[in-house]
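Engineer: Dropping the structure in here first, questions after.
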Amino acid sequence: MKFYPFVFTLLMLFSCGSQKQLTTARATSEKTKKIVNAESVKLDSIKKILDVKAGNHSIDSVLNNDVQRILDKLNGRLNSVQELALIMDAATKSRTSFKKGINSSDILAKLIILDSFNTAQKKREEVYRMLKESVSTAKYQMFHYAAFFDPGVYRIPQSAMPSIRAHFTPIIDSLSYLSNKYAGIAREARIVFVGYSDSTPVARNGQLYKEMTKILDSDNPSQKLMNQLLSDLRAKEMVRNMKIVLGNNTGKFKNFNTLKVGYVAYGKGEEYPSPRITDYKPTDERRRIVLSYWTVLPDLNGL
């Protein structure tokens with residue numbers, strides 16, 4: 001049977017006298033509680049940064065939820081090990097109570113979990129550093145439709161590829177920097193495109209109207225619904241082109257084959273893109289945009 005060094009050490013200690021066993025168990029529990037407290041503070045600081053980012057709309061709801069799920073998992077792990085430490089405190093409250101449980105494999109199992117947690121502190125610290133930097137440097141950019149799309153279409157023409165490469169390459173450079181810095185951590189690049197539209201009606205006699213009514217499976221959809229679909233289709237078209245540009249730049253990434261890449265695209269139709277702008281007009285060109293958000297996060301499944 002194979003044991004890790006810390007497991008072997010605990011087993012050796014449990015072959016020693018009861019006083020030394022009791023002292024070791026108390027010390028392990030105490031160390032765990034101190035680590036949990038320190039790491040909880042770090043996770044709270046990341047949550048505060050996330051809340052600020054969400055409040056000023058520099059991170060979208062998708063990335064916000066992604067980070068929150070990671071924080072929930074990390075905090076849940078801290079809470080679980082904290083509970084084990086408290087159970088160990090109760091078991092080591094007195095020599096008498098400890099002697100009663102010393103022969104129980106349950107106490108040894110709990111100590112192995114606590115010691116394993118303590119030993120893995122440096123690895124978790126690296127994950128926390130990455131997560132804090134990922135949230136702190138999470139970026140977004142606004143793209144005007146006119147830079148990519150011809151009027152009345154939701155497909156980007158091949159002639160716009162030079163513009164696409166020029167706009168998307170800085171995003172890829174930003175992703176590769178963060179991914180390469182933490183190449184030893186299971187990680188996922190997250191790229192989000194959110195489309196918006198103005199209130200301009202889609203011309204009923206045009207090809208776009210025919211295509212969209214077919215997609216919606218409706219002969220007479222509302223203009224609001226049409227613009228919602230148009231913003232969604234254009235956001236998805238941005239993702240399609242981002243995949244092309246990223247595929248041509250994989251050499252910028254260390255261990256690209258270990259990097260997950262997650263894309264999200266959705267439209268918000270005629271909603272106003274920015275709460276800071278209070279003078280939008282129905283056909284305002286400032287409403288005909290796509291917002292892109294991106295960062296690299298620790299892979300939730302790898303934590």
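Engineer: Which ones in the stretch 187-201 are surrounded by fewer than 18 Cβ atoms within 10 Å (Cβ to Cβ) and small (Gly, Ala, Ser)?
Structural biologist: Of everything in the stretch 187-201, just one residue is surrounded by fewer than 18 Cβ atoms within 10 Å (Cβ to Cβ) and small (Gly, Ala, Ser), namely Ser199.
Engineer: Which residue is most open to solvent (accessible area, probe 1.4 Å), if the candidates are limited to the stretch 269-303 and must be among the basic types (Lys, Arg) and in contact with a helix residue (DSSP H, G or I) (Cβ under 9 Å, 6 or more places away or on another chain)?
Structural biologist: Lys281
Engineer: Among the residues of the stretch 234-268, how many are closer than 19 Å to Arg155 by Cβ and either open to solvent by 30 Å² or more (accessible area, probe 1.4 Å) or not in a helix (DSSP H, G or I) (or both)?
Structural biologist: 9
Engineer: On to the next question. Check Arg286 against each of (1) of a type outside the set (A, V, I, L, M, F, W, C); (2) in a helix (DSSP H, G or I); (3) within 27 Å of Glu188 (Cα to Cα) and name the one condition it does not meet.
Structural biologist: Every listed condition holds for Arg286 apart from (3).
Conditions (1) in contact with a Lys or Arg (Cβ under 8 Å, 6 or more places away or on another chain); (2) modelled with pLDDT of 95 or more, marked per residue:
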site: Gln207; (1), (2): no, no
site: Leu233; (1), (2): no, yes
site: Pro273; (1), (2): yes, no
site: Pro282; (1), (2): no, no
site: Glu285; (1), (2): no, no
site: Ser292; (1), (2): no, yes
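Engineer: Something else about it: For Ser174, state whether it is closer than 20 Å to Arg69 by Cα, touching a strand residue (DSSP E or B) at 6+ places or on another chain (Cβ under 7 Å), in contact (Cβ under 8 Å) with a residue 24 or more places away in the chain and of a type in the set (Ser, Thr, Tyr).
Structural biologist: Answer is no for this residue.
Engineer: Further question: Report yes if some residue within the stretch 188-199 is part of a helix (DSSP H, G or I), within 30 Å of Ile277 (Cα to Cα) and aromatic (Phe, Trp, Tyr); otherwise report no.
Structural biologist: Checked against the condition, which is being part of a helix (DSSP H, G or I), within 30 Å of Ile277 (Cα to Cα) and aromatic (Phe, Trp, Tyr), the stretch 188-199 yields no hits at all.
Engineer: So which residues in the stretch 168-186 are open to solvent by less than 40 Å² (accessible area, probe 1.4 Å) and under 13 Å from Thr295 (Cα atoms)?
Structural biologist: Passing the criteria: Ile171, Ile172, Ser174, Leu175, Ser176, Leu178, Ser179, Asn180, Tyr182.
Engineer: Which number in (1) in a helix (DSSP H, G or I); (2) out of contact with any Asp or Glu (no Cβ under 6 Å at 6 or more places or on another chain); (3) buried (at least 18 other Cβ atoms within 10 Å of the Cβ) marks the one condition that Asn227 misses?
Structural biologist: Only one criterion is unmet by Asn227, namely (2).
Engineer: Checking Lys210 against (1) within 15 Å of Leu291 (Cα to Cα); (2) open to solvent by 60 Å² or more (accessible area, probe 1.4 Å), only one condition comes out false. Which one?
Structural biologist: (1)
Engineer: Let me ask something else. Output the residues belonging to the stretch 125-155 that are at pLDDT below 95 and part of a helix (DSSP H, G or I).
Structural biologist: The answer is Tyr145, Ala146, Ala147.
Engineer: Looking at the stretch 158-178, is at least one residue in contact with an Asp or Glu (Cβ under 7 Å, 6 or more places away or on another chain), more than 21 Å from Ser58 (Cβ to Cβ) and at pLDDT below 95?
Structural biologist: no
Engineer: I want to confirm something. Restricting to the stretch 109-126 and keeping residues that are of a type in the set (A, V, I, L, M) and open to solvent by 20 Å² or more (accessible area, probe 1.4 Å), which single residue is nearest to the chain's Cα centre (by Cα)?
Structural biologist: Ala120
Engineer: For the stretch 127-149, give me each residue that is of a type in the set (A, V, I, L, M), open to solvent by less than 60 Å² (accessible area, probe 1.4 Å) and closer than 30 Å to Thr200 by Cβ.
Structural biologist: Ala147 - this is the single residue of the stretch 127-149 that is of a type in the set (A, V, I, L, M), open to solvent by less than 60 Å² (accessible area, probe 1.4 Å) and closer than 30 Å to Thr200 by Cβ.
Engineer: Another question about this same structure. Please state which of the following conditions Arg204 fails to meet, knowing it meets all the rest: (1) open to solvent by 30 Å² or more (accessible area, probe 1.4 Å); (2) assigned to a helix (DSSP H, G or I); (3) over 26 Å from Ser274 (Cβ atoms); (4) free of Cβ contacts under 8 Å to residues at least 40 places away in the same chain.
Structural biologist: (2)
The values are calculated or read from the model by the stated rules, or taken from the named source; none is laboratory data. Here the structure is a predicted model, which means the values were calculated and not measured. We place every Cβ from the backbone using ideal geometry, glycine too, and count neighbours over all the protein chains shown. SASA here: full protein model, heavy atoms, side chains in, ligands and nucleic acids out. Shrake-Rupley method; radii C 1.70, N 1.55, O 1.52, S 1.80 Å.
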